[in-house]
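Read through the structure below, which is laid out as structure tokens, and then see the notes.
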Amino acid sequence: MADERTFTRVMVTGGAGFIGSNYVHLLLERHPDYEVVVVDKLTYAGNLANLADLDGDPRYRFVEADIADAEAIERAMVGCDAVVNFAADSHVDRSLHDPGGFIRTDVHGVFVLLEAARKHGVARFLQISTDEVYGHFPEGGESREGDRLRPRNPYSAAKAGGEMMVNAYVETYGLDCVITRGSNTFGPYQYPEKFIPLMITNAIEGRPLPIYGDGQQRRDWLYVRDHCTGVDLVLHRGVTGEAYNIGGGNEQVNLDVATLILDRLGKSPDLLQHVGDRPGHDRRYALDTSKAEALGWEPRHDFSIMLAETIDWYAANEGWWRTIKSGEFAEWYDRNYATRGAHIG
Ligand code: NAD
Ligand code: TDX
């Protein structure tokens with residue numbers, strides 16, 4: 001078993017987003033003596049409501065900044081001995097419309113953070129990456145950390161670029177870095193552009209559920225709390241320079257997941273609407289997680305129970321997502337789905 005590290009002040013970038021905000025809560029819960037500095041640009045996906053319960057907590061500080069802004073990052077990093085970088089443009093469909101923005105945050109932004117970490121002598125840098133860097137995996141196998149990266153869309157290529165920059169800082173400057181590659185994550189506070197919250201909220205609204213292509217693509221769904229425990233373990237016990245797969249071991253066909261959601265909400269399958277496929281759509285991801293398991297991690301949450309709880313959370317928190325869906329989201333929805341020939345209802 002690798003040595004357990006401890007830290008005093010952790011910078012969490014992208015901490016106002018979906019997984020980042022869940023992680024900030026887990027970090028302070030598990031390490032009550034730590035301080036956390038959340039750095040977030042508050043893009044359309046960043047939402048301070050996700051962290052509102054921490055207002056007034058002396059261990060928590062929020063800094064509104066872009067990770068690509070070197071001066072702001074160098075100021076915010078003073079006194080931090082660890083950095084966990086969740087900040088990213090994270091939606092594959094948006095990367096098809098605006099690849100340049102993804103390169104700016106997911107590659108250049110990572111470089112700016114690494115450079116600041118090097119100057120400040122940060123003890124550990126954790127880069128949050130994704131199973132998408134492997135590209136799609138044909139039936140019957142699982143991606144392992146040593147496999148060749150074959151990203152196939154601008155989002156996953158940018159995330160792979162971020163990883164390469166991290167590796168360069170390990171090898172060239174001896175910066176202590178680790179990487180996690182998480183699989184498709186779901187749970188409360190996920191921006192409703194992503195598959196599960198989109199299907200849930202559209203079903204509640206009685207709008208069509210847009211299924212790309214034949215809907216037979218598969219994803220390995222991971223509950224957000226399990227993703228966060230994996231990140232926390234790698235932060236504290238991961239071996240320098242190593243990457244770790246964090247997957248749910250839970251492959252599901254997209255169409256089946258949408259059908260489960262409709263069933264739970266008592267809605268008609270007539271709401272399912274097949275629309276034009278995503279260009280370059282990866283058909284399947286699957287991760288071998290034995291390396292993270294050897295560190296002591298395992299996913300503990302059952303998919304069908306947590307999907308039901310997540311559906312109930314969106315049903316009970318309509319104010320949270322209706323505010324989002326009435327804003328920038330509406331323009332995005334028209335842009336993305338009208339071009340797929342969807343009846344956007
Ligand atoms: P999200 O889109 O919900 O949140 C991203 C956060 O980053 C937002 O708060 C946003 O305001 C912030 N941000 C974006 N650009 C920024 C910039 N330039 N400077 C500072 N802050 C910026 O994303 P998420 O789903 O929570 O994903 C978090 C991380 O996990 C990402 O790195 C993503 O690639 C990775 N990941 C996500 C999944 C998933 O299924 N959602 C799976 C594996 C890995
Ligand atoms: O409207 C939709 N209809 C549909 O059929 C949407 C938004 C998605 N899909 C399909 C595409 C995928 O096969 O559902 C699946 C999941 O789609 P997304 O939620 O967009 O996730 P994905 O493309 O798999 O990427 C996610 O997992 C890896 C996250 O968004 C990434 O941030 C993460 O790195």
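Quick one: which of ILE324, ILE311 is crowded, with 17+ Cβ neighbours inside 10 Å, at pLDDT below 95, within 19 Å of ILE196 (Cβ to Cβ) and under 22 Å from the mean Cα position of the chain (by Cα)?
That would be ILE324, the only listed residue that is crowded, with 17+ Cβ neighbours inside 10 Å, at pLDDT below 95, within 19 Å of ILE196 (Cβ to Cβ) and under 22 Å from the mean Cα position of the chain (by Cα).
Return a yes/no flag: does the stretch 124-131 have any residue that is more than 23 Å from PHE186 (Cβ to Cβ), modelled with pLDDT of 95 or more and among the β-branched types (Val, Ile, Thr).
No, the conditions are met nowhere in the stretch 124-131.
Assess whether GLU163 counts as being open to solvent by 10 Å² or more (accessible area, probe 1.4 Å), charged (D, E, K, R) and at negative phi.
no
I'm trying to understand the selection: among the residues of the stretch 106-125, which are in a loop (DSSP other than H, G, I, E, B) and not hydrophobic (A, V, I, L, M, F, W, C)?
If the condition is that a residue be in a loop (DSSP other than H, G, I, E, B) and not hydrophobic (A, V, I, L, M, F, W, C), then GLY121 is the only one that fits.
Would you pick out the residues in the stretch 283-341 that are of a type in the set (Lys, Arg), within 16 Å of ligand 1 (Cβ to nearest atom) and closer than 27 Å to ASP131 by Cα?
Passing the criteria: only ARG284.
Would you mind telling me which numbered condition in (1) touching a residue at least 24 places away in the same chain (Cβ under 8 Å); (2) under 19 Å from ASN184 (Cβ atoms); (3) away from ligand 2 (no atom under 16 Å from the Cβ); (4) open to solvent by 40 Å² or more (accessible area, probe 1.4 Å) ASP302 fails?
Result: ASP302 fails condition (1) only.
Provide a single number: the residues in the stretch 191-204 that are more than 10 Å from ligand 1 (Cβ to nearest atom) and either open to solvent by 10 Å² or more (accessible area, probe 1.4 Å) or within 20 Å of ASP270 (Cβ to Cβ) (or both).
Qualifying residue count for the region: 7.
When you scan the stretch 30-46, how many residues do you find that are open to solvent by 40 Å² or more (accessible area, probe 1.4 Å), in a loop (DSSP other than H, G, I, E, B) and either touching a strand residue (DSSP E or B) at 6+ places or on another chain (Cβ under 9 Å) or within 9 Å of ligand 1 (Cβ to nearest atom) (or both)?
4
Just to be sure I understand, how many residues within the stretch 51-79 are buried (at least 21 other Cβ atoms within 10 Å of the Cβ) and within 12 Å of ligand 1 (Cβ to nearest atom)? Give the derivation first.
Of all residues in the stretch 51-79, those buried (at least 21 other Cβ atoms within 10 Å of the Cβ) come to 51, 67, 73, 76-77.
Okay, now just the ones that are also within 12 Å of ligand 1 (Cβ to nearest atom), so 51, 67, 73, 76.
Residues flagged as buried (at least 21 other Cβ atoms within 10 Å of the Cβ) and within 12 Å of ligand 1 (Cβ to nearest atom) within the stretch 51-79 amount to 4.
Considering the stretch 59-105 alone, what residues qualify as being assigned to a helix (DSSP H, G or I) and within 23 Å of ARG283 (Cβ to Cβ)?
Residues of the stretch 59-105 assigned to a helix (DSSP H, G or I): 70-76, 92-97, 99-105.
Matches in the stretch 59-105: VAL92, ASP93, ARG94, SER95, LEU96, HIS97, PRO99, PHE102.
Report whether or not HIS108 is closer than 30 Å to ARG284 by Cα, open to solvent by 60 Å² or more (accessible area, probe 1.4 Å) and within 10 Å of ligand 1 (Cβ to nearest atom).
So HIS108 passes the test.
Being open to solvent by less than 10 Å² (accessible area, probe 1.4 Å) and either free of Cβ contacts under 8 Å to residues at least 24 places away in the same chain or more than 15 Å from ligand 1 (Cβ to nearest atom) (or both) is true for just one of ALA123, ALA158, ALA82, ALA116. Which residue is that? Spell out how you get there, then give the answer.
Working: ALA123 fails: open to solvent by less than 10 Å² (accessible area, probe 1.4 Å); ALA158 fails: either free of Cβ contacts under 8 Å to residues at least 24 places away in the same chain or more than 15 Å from ligand 1 (Cβ to nearest atom) (or both); ALA116 fails: either free of Cβ contacts under 8 Å to residues at least 24 places away in the same chain or more than 15 Å from ligand 1 (Cβ to nearest atom) (or both).
Just a single option satisfies the conditions, and that option is ALA82.
Answer yes if at least one residue in the stretch 224-246 is open to solvent by 60 Å² or more (accessible area, probe 1.4 Å), within 28 Å of ALA203 (Cα to Cα) and in contact with an Asp or Glu (Cβ under 9 Å, 6 or more places away or on another chain), and no otherwise.
no
In the stretch 247-265, which residue that is open to solvent by less than 70 Å² (accessible area, probe 1.4 Å) and either of a type in the set (Gly, Ala, Ser) or over 23 Å from the mean Cα position of the chain (by Cα) (or both) is nearest to ligand 2 (Cβ to nearest atom)?
Here is the first cut: in the stretch 247-265, the residues open to solvent by less than 70 Å² (accessible area, probe 1.4 Å) are 247-248, 250, 252-255, 257-259, 261-262, 265.
This time we only want the ones that are either of a type in the set (Gly, Ala, Ser) or over 23 Å from the mean Cα position of the chain (by Cα) (or both), so: 247-248, 258-259, 262, 265.
Values: GLY247: 11, GLY248: 11, ALA258: 8, THR259: 12, LEU262: 14, LEU265: 17 Å.
Checked the stretch 247-265; the qualifying residue nearest to ligand 2 (Cβ to nearest atom) is ALA258.
Could you pull out the residue among GLY121, GLY79, GLY109, GLY101 that is farther than 18 Å from PRO151 by Cα, modelled with pLDDT of 95 or more, small (Gly, Ala, Ser) and within 16 Å of ligand 2 (Cβ to nearest atom)?
Being farther than 18 Å from PRO151 by Cα, modelled with pLDDT of 95 or more, small (Gly, Ala, Ser) and within 16 Å of ligand 2 (Cβ to nearest atom) holds for just one of GLY121, GLY79, GLY109, GLY101, which is GLY109.
Which numbered condition trips up HIS136, out of (1) open to solvent by 30 Å² or more (accessible area, probe 1.4 Å); (2) at pLDDT 95 or above?
That leaves (2) as the condition not met.
Which of (1) more than 22 Å from ASN254 (Cβ to Cβ); (2) away from ligand 2 (no atom under 11 Å from the Cβ) is the odd one out, the single condition ALA158 does not satisfy?
Answer for ALA158: the failing condition is (2).
Looking for something crowded, with 23+ Cβ neighbours inside 10 Å and closer than 18 Å to GLU309 by Cα - is there at least one such residue anywhere in the stretch 205-217?
Scanning the stretch 205-217 turns up no residue that is crowded, with 23+ Cβ neighbours inside 10 Å and closer than 18 Å to GLU309 by Cα.
The values are calculated or read from the model by the stated rules, or taken from the named source; none is laboratory data. All figures in this text were calculated on a predicted structure; none of them were measured in a lab. Positions of Cβ are backbone-derived with ideal geometry, glycine not excepted, and every protein chain shown enters the neighbour counts. Accessible surface areas use protein heavy atoms only, side chains included; no ligands, DNA or RNA. Shrake-Rupley method; radii C 1.70, N 1.55, O 1.52, S 1.80 Å.
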